[in-house]
Structures are given as C-alpha cells and as structure tokens.
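Enquirer: This is the structure I want to talk about, given as structure tokens.
Nothing in this text is a laboratory measurement; each read-out follows from the coordinates by a stated rule. Please read these numbers as outputs of a predicted model, since none were measured by experiment. Neighbour counts are summed over all protein chains in view; Cβ atoms, including those assigned to glycine, are modelled from backbone coordinates with ideal geometry.
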Amino acid sequence: MLRFSTAGESHGESLVALVSGLPAGVPVDQEFISRELWRRQKGYGRGGRMRIERDTAHILSGVRHGKTIGSPVAMTIANNDWKNWTDILPVEEGDPAKHKAVASPRPGHADLAGALKYNFPDARYVLERASARESTARVASGALAKLLLRELGVEVLSHVIRVGKAELSRPAKWEEIVALSQKDEVLLNCVDLEDEARMKAEVDAVLRTGDTVGGVFEVIVHGLPPGIGTHVNWDERLDGILAQAVMSLQAVKAVEIGRGVTAAESFGSTVHDAIGYEGSEEDFTKFSRDHNNAGGLEGGISNGQDVIVRGYLKPISTLRRPLASVSFETREPVKAAYERSDVCVVPAAGVAAEAMVALAVARQVLVKFGGDSLAETKRNYNGYLQQIRKY
Ligand SMILES: Cc1cc2nc3c(=O)[nH]c(=O)nc-3n(C[C@H](O)[C@H](O)[C@H](O)COP(=O)(O)O)c2cc1C
C-alpha cells in the first residue's frame, strides 16, 4: 500500500517526508524532484520567505543506483531560515527570553483552536506545524508518485483558473498546461496571457491595500485508464479520495470534480457526457464521449477521460493590516499577530495539489495493479489495457 507522511515545523531545522509502498525499480530523477519543489516556491504574490529558501530533497533511504528498492524512501528538505531561529525554537529548553510568542491569534489560522486544544500559552507551536511550509514535504513525496505514474504514461499537472475576480476566459488545452509547467518564470500559471495580466492586477491591488486574495486552481490527470477507484465501497471511490487529498491542503476550502458546481444549476441533458463507439487507436477503448463534464469520474471510477479536480482557496489569512483579535496574556482586544506572509498562493497551491492528486491516484493504481517491482506492475497494467481495448 502506497503511504506517505510528513514531519517538520515551518522554522525548524528540516522537513521530513517518508514514502513507503513504491514498487522497486522506479527510476528516481532527483532533478525532477528539485524542479517540483522550485515550482511550489514560485508565483506572483509570494512573500520574502520564498526568497530565502532554495528547496532540495536529500534522499536518505529507499533509493539506490538511481532506482527505488522497495523499502521506504526517507527525505529531508532543509529550512534555510533555521539559522535565524536556532535560539528561538531550540529542541532543548533554551533561553525563554529568546522565544518568540505569537501573542494574539490570527483569524483564519489554526492559532486559537490549536492553542486551546494543545493547552499552549500562545500560538507559536501551532503556527509552526499548521503553516503551509509543510506542503513542501508533500511535493517531494508527490514527485515520487509522479515518477511512478510517468512509467505508466500518466501525467499530473495544474494551472490557475481564477485569482480573486479575474477568471480564465476560455478552456485550456492539455498541451498549453504542459508548456506552462516547462516555463522558467512563473507569474500566475495561467495559460492565457491576457487573463494572467488581469489576475496579476488583482494581486497588485491587494499588495497596495495590505489585503490578500484567493482563487481557484485546476489539477488534471492525463492518461489515466478507465477503472481506477471503485463504486463498491464509499471509502474507495476515487472522487471522495481526491476530494479529501486536495481539501487537506492549507487554505483549500472547496473541491470540485469536473463541472461539479455549475452542473448543480443545469439540466441533465446538457451535463452528462453522451457515449459513442468511435475511439481511435490512441484511446484506451473504442468508447468515446462528446465532452468531459464529469471530470473523468463516474461512480467514483475513472472513465478514461482526463480527471479534472479544482481547488478553491480562501484568501491568505495573515494580513498586513491585521484584523481584530485578543491578547492571549491579557484577554484585551489587540490586532492579530503579523508574520511575514504571502498575499496570493494559487499557483503554488496548485503544485501542492498536483502532489496530493498524484499520491492518491498512484495509491489506487497500485491497489488495482499491485506489483512489488515496476516490471510486475507494468505487466499487470499492460494486460489490463489489452483487456479493455478488446471490449
Ligand atoms: C502554498 C501555500 C502557501 C501559504 N502561505 C501562507 C502565508 O504565507 N501566510 C498565511 O497566512 N497563510 C498561508 N497559507 C495558508 C495557511 O497555511 C492556511 O490558511 C492556514 O494554515 C489555516 O488553514 P486552513 O486555511 O486550511 O483552515 C498558504 C497556503 C498554501 C497552500
């Protein structure tokens, strides 16, 4: 079973990722992992922290001579900012005078609920783990899942379809999304330059006013055959699994599959994807569809079309002009604490969501095809593709 977990705090020494259940023999391209980490750091509207960090995953175990060996892969990603925090957040008791309390909880963060739950006098330790810095370890883990999926011809990418009120005004083609992922500069990761300029204007507006802005990203799984996930048990449906995976990301407040939201206000005759039998040699089966409003999932099972998952991000909670809060010490009204912050993270959140989607899909692919070695997984996979091609 493919599993992963992360450890680490925002200003601690290092983030840690542990991925187990990958078959042996998956080629591990370390430059690809670095590139994925770089993509998560980019985007217009990021704060100063991203200028300090140059994330690289250091692989400790599970990979030898360039390939996975079936044992758990352990990775660390150093926090360069740690050098400024060694006295503030030491592992040992240290000097309490140097600790840096988060003295008033920030609305929209885990600060207040976390301090109450863990019985902390302030929100420092809550902030440290709730911070989306943690998503770096998810991206390193997701890169391994992507390398496995790539061996089976499956790719996972994202693009931005909304920042604040500025929306992508046309459908995006897969080739455009691939081209975006290969660019060396990332603005707002939008396929249309004019729409991207309008998105940038939304970020510029909040930079001027000390506010923040949210948006919507879209993750696409391209090349996934029909039959991943199942309708037979509620917790094995791929739509539910993907929703949990993407919703678990910091600041994601809604998840949509295909045309999920607008489908609710439309007639069935215009929503469902009519079936034909005229697929070409490149398709998984001869069955074809007139469009893909279902986002590649019916009954919790992939249907062979692109899987399309959208994540809706609330605006970043830390405000340069902070909202009202209360002092942890005096219970008197004060402004919420401020720590260096991003004002827009939609492109980066899209990259983190790619990682979560890749991990979730890779897990279900392995549930279906198994394999202790990549050769075994591929044999099972190719046998199944032959079976459905004949259908
Ligand atoms: C890539 C990424 C970067 C983020 N950066 C910040 C940030 O700099 N400042 C901030 O206040 N929130 C940031 N967030 C969002 C918070 O981590 C998140 O809103 C907070 O932990 C509360 O969790 P919740 O919004 O899921 O309830 C970021 C989220 C993501 C996905």
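Enquirer: Taking amide hydrogens as modeled 1.01 Å from N in the peptide plane, which residues meet the under 5 Å criterion relative to ALA24, leaving out close sequence neighbours?
Expert: Answer set, sorted by chain and number: GLY70, SER373, LEU374.
Enquirer: Taking R0 as 22 Å, what's the FRET efficiency between ALA7 and LYS83 from their Cβ-Cβ distance, rounded to 0.05?
Expert: So the FRET efficiency works out to roughly 0.65.
Enquirer: A further question follows. Give the longest segment of the chain that steers clear of trypsin sites (Lys or Arg not before Pro) in DSSP loops with at most 16 neighbouring Cβ atoms within 10 Å, not counting the sites themselves.
Expert: Result, exposed sites excluded: 184-285.
Enquirer: A follow-up question, please. How many nm is it between the label spots at ARG340 and HIS99, if each spot is 7 Å from the Cα in line with the beta carbon?
Expert: According to this spin-label approximation, the distance is 2.3 nm.
Enquirer: Could you work out the relative contact order of region 168-213? I mean the mean sequence separation of Cα pairs under 8 Å and 6+ apart, divided by the number of residues, in percent.
Expert: 30
Enquirer: What aspartates and glutamates could a cross-link reach from LYS146, if we take a straight Cα to Cα line under 14 Å and drop same-chain neighbours fewer than 8 places away?
Expert: Straight-distance partners of LYS146: ASP29, GLU31, GLU36, GLU155, GLU354.
Enquirer: Further question: Counting only complete DSSP H runs, which helices of the chain cover 27 Å or more along their long axis at the Cα atoms and score a mean Kyte-Doolittle of 0.0 or above?
Expert: What comes out of the filter, once short or polar helices are dropped, is 346-369.
Enquirer: Related question: Using amide H atoms built 1.01 Å from N in the peptide plane, name the residues 5+ places from VAL213, or on other chains, whose amide H lies under 5 Å from its own.
Expert: When sequence neighbours closer than 5 places are left aside, the close amide H contacts are ILE316.
Enquirer: Could you tell me which residue out of ALA337, MET50, HIS222 lies farthest along the dipole of the chain toward its positive end? Charges go on the beta carbon: Lys and Arg +1, Asp and Glu -1, centred on the Cα centre.
Expert: The one lying farthest along the dipole's positive direction is ALA337.
Enquirer: For region 62-79, in order, what is each residue's ³J(HN,Hα) by Karplus, 6.51 cos²θ - 1.76 cosθ + 1.60 with θ = phi - 60°, in whole Hz (x at glycine and Pro)?
Expert: Karplus values, whole Hz, x for Gly and Pro: x, 10, 9, 6, x, 9, 5, 10, x, 8, x, 9, 9, 9, 10, 10, 5, 8.
Enquirer: Calculated FRET efficiency, THR56 and ARG331, Cβ-Cβ r, R0 51 Å, to nearest 0.05?
Expert: The formula returns an efficiency of 0.70 here.
Enquirer: Computed over the Cα atoms of region 3-390, what is the ratio Rg over Rh, Rh following Kirkwood?
Expert: In region 3-390, Rg relative to Rh is 0.99.
Enquirer: Past the 28 Å Cα-Cα mark, which pairs from LYS100/LYS253; LYS42/LYS368; LYS100/LYS335; LYS117/LYS314; LYS100/LYS183?
Expert: LYS100/LYS253; LYS42/LYS368; LYS100/LYS183
Enquirer: Considering only DSSP states other than H, G, I, E and B, which GluC sites (Glu not before Pro) in region 213-305 qualify as loop sites with at most 10 other Cβ atoms within 10 Å?
Expert: Answer in residue order: GLU265, GLU278, GLU281, GLU282.
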